[in-house]
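Down below is the structure, laid out as structure tokens.
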Amino acid sequence: MASPSASLRSIGLQGVPQRFPLAAEVVIGREPTCQIVLDSNQYGNVSRRHAVIRCAPDGTWRIMDLGSANGTYVNQQLCTTESPLKPGDHIRLGATGAEFVFELQQPPPPEVQIKPGLSMSQLLPIISTGKDLRRKAFLVPGALTVLLVMVMFAAQGNFGVYAWVLALYIGGGAYFFVYQLCGKAKPWWLLALIGVTTMGVLVSPVFDGIAFFFRHVLPGDAFGLIQGHPSFSTAILVKTLGNGFVSLFVVLFFGAGLTEELTKALPVFALCFLDRLPGPLRRRRNLAVQEPLDGILYGTASALGFTLVETMGQYVPQIIQNGGAGQLGGLELLIPRLLSAIFGHMAYSGYFGYFIGMSKLIPARAPVILLVGYGTSAALHALWDTTAFANLPFLSPVVGVVSYAFLAAAILKARAISPTRSANFATRIKP
């Protein structure tokens with residue numbers, strides 16, 4: 001008789017049971033070299049190499065703890081030595097860690113195994129994939145790429161349309177990367193609406209009022225400083241600190257960091273109150289900012305709209321008209337500016353969005369949380385701009401990497417503390 005095969009069936013991992021076949025020896029833990037790897041963000045109380053399950057020479061299966069910090073439990077009993085396993089035994093790593101059920105499967109005798117026949121779905125796989133084609137094969141991004149390429153072919157000779165299509169594609173790709181990293185599903189129409197709203201704010205008197213306050217009432221007039229006629233408040237600041245790196249950073253902290261991060265955060269703050277609206281709109285309360293992942297997704301969507309307006313409405317036209325490089329120069333600027341959004345505007349706004357979401361989780365500490373997030377995102381923004389204005393290209397890559405690291409760290413922490421982490425599609429358990 002063939003020996004039975006064994007497996008572990010997970011309990012509560014991502015809300016969907018998974019089965020992990022067992023080999024002769026299987027190590028479970030957070031270390032990538034383990035045969036069953038658990039996500040460090042979701043299972044921080046599981047050791048790097050927590051426990052091992054092996055098949056003994058007599059055909060029985062046994063489990064042994066590998067000196068983990070929080071112990072291994074079999075049927076609620078702490079495992080202190082190598083313990084035998086029986087079908088149905090409940091295994092838990094740590095007091096509140098990952099949980100599995102040990103199962104044995106008796107394979108059918110060789111004489112009754114049925115060889116698969118040739119089916120229509122094997123000849124035409126597209127008719128049998130169903131929802132998986134859209135969910136797992138990136139069908140929508142692929143279809144959009146085909147569509148945008150055809151539009152770009154048709155737009156050759158019309159630089160304005162061509163550049164906008166390219167900008168939307170690059171910017172959308174950068175945002176899609178952040179979206180996949182966050183792992184929380186959001187309707188694309190809402191994310192697009194947030195970006196469009198920010199674009200509208202930028203060309204409205206609202207932004208003019210914000211800019212006037214930070215750049216003239218407060219000392220944030222960087223352009224006036226460079227041209228030699230700063231606002232009164234900026235001139236007083238420079239006279240106090242001197243005309244050096246520190247004074248330029250402070251000016252840009254007010255004039256760029258605080259100004260632009262507040263502008264990009266306006267749609268995110270508006271969505272914080274969506275769940276408080278009366279009547280039919282309350283049915284849309286799931287779209288409101290309720291946790292840090294919401295704030296990150298909405299903040300980066302707003303940042304994309306800001307980047308598109310700034311790039312396509314200001315920088316590209318300027319270099320085409322004044323730089324002498326023409327349309328080629330505009331493309332050479334457009335591509336890196338949109339790609340840099342991932343460690344530029346998206347990083348600053350996504351990081352601030354994390355704190356906006358945190359303020360919803362812990363409303364009693366909201367003022368402190370928002371102040372820290374606003375100040376940190378504005379400081380990162382100002383530091384990047386300062387390296388550009390001060391002509392310090394060797395420092396810019398360092399600031400870019402640090403900014404992206406802040407965003408990535410915020411996303412990982414937001415996933416770990418998310419109330420909806422069991423449904424997060426970015427969390428993976430590797431069999």
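For the reader, a short list of remarks on this structure follows.
- Pair list, Cβ < 6 Å and 6+ apart or interchain, from the range 161-188 residues that are on the phi > 0 side of the Ramachandran plot to residues that are open to solvent by less than 50 Å² (accessible area, probe 1.4 Å) and not small (Gly, Ala, Ser): Gly183/Asn424
- Number of residues in the range 391-403 that are surrounded by 14 or more Cβ atoms within 10 Å (Cβ to Cβ) and either out of contact with any Gly (no Cβ under 9 Å at 6 or more places or on another chain) or not in a helix (DSSP H, G or I) (or both) equals 4.
- Criterion applied to Ser422, Ser403 was being touching a helix residue (DSSP H, G or I) at 6+ places or on another chain (Cβ under 6 Å), touching a residue at least 40 places away in the same chain (Cβ under 8 Å) and small (Gly, Ala, Ser), and the one residue passing it is Ser403.
- Among the conditions (1) at pLDDT below 85; (2) within 20 Å of the chain's Cα centre (by Cα); (3) among the hydrophobic types (A, V, I, L, M, F, W, C), the only one that Leu241 does not satisfy is (2).
- Within the range 171-188, the set of residues being of a type in the set (A, V, I, L, M) and either touching a strand residue (DSSP E or B) at 6+ places or on another chain (Cβ under 8 Å) or crowded, with 20+ Cβ neighbours inside 10 Å (or both) comprises Ala174, Val178.
- Close contacts from the range 358-380, counting a first residue that is more than 30 Å from Phe245 (Cα to Cα) and a second that is open to solvent by 70 Å² or more (accessible area, probe 1.4 Å), with Cβ to Cβ under 7 Å and a gap of 6+ residues or different chains, come to Lys360/Gln290.
- Any hit, the range 326-333, residues being in contact with a helix residue (DSSP H, G or I) (Cβ under 8 Å, 6 or more places away or on another chain), in a helix (DSSP H, G or I), open to solvent by less than 30 Å² (accessible area, probe 1.4 Å) and modelled with pLDDT of 90 or more: no
The values are calculated or read from the model by the stated rules, or taken from the named source; none is laboratory data. Fair warning: this is a prediction, and the values are worked out from it, not measured in the lab. Methodologically, a virtual Cβ is constructed for each residue, glycine included, from the backbone with ideal geometry; neighbour enumeration extends over all protein chains shown. Remember, those area values only see protein heavy atoms, side chains included, never the ligands or the DNA or RNA. Shrake-Rupley method; radii C 1.70, N 1.55, O 1.52, S 1.80 Å.
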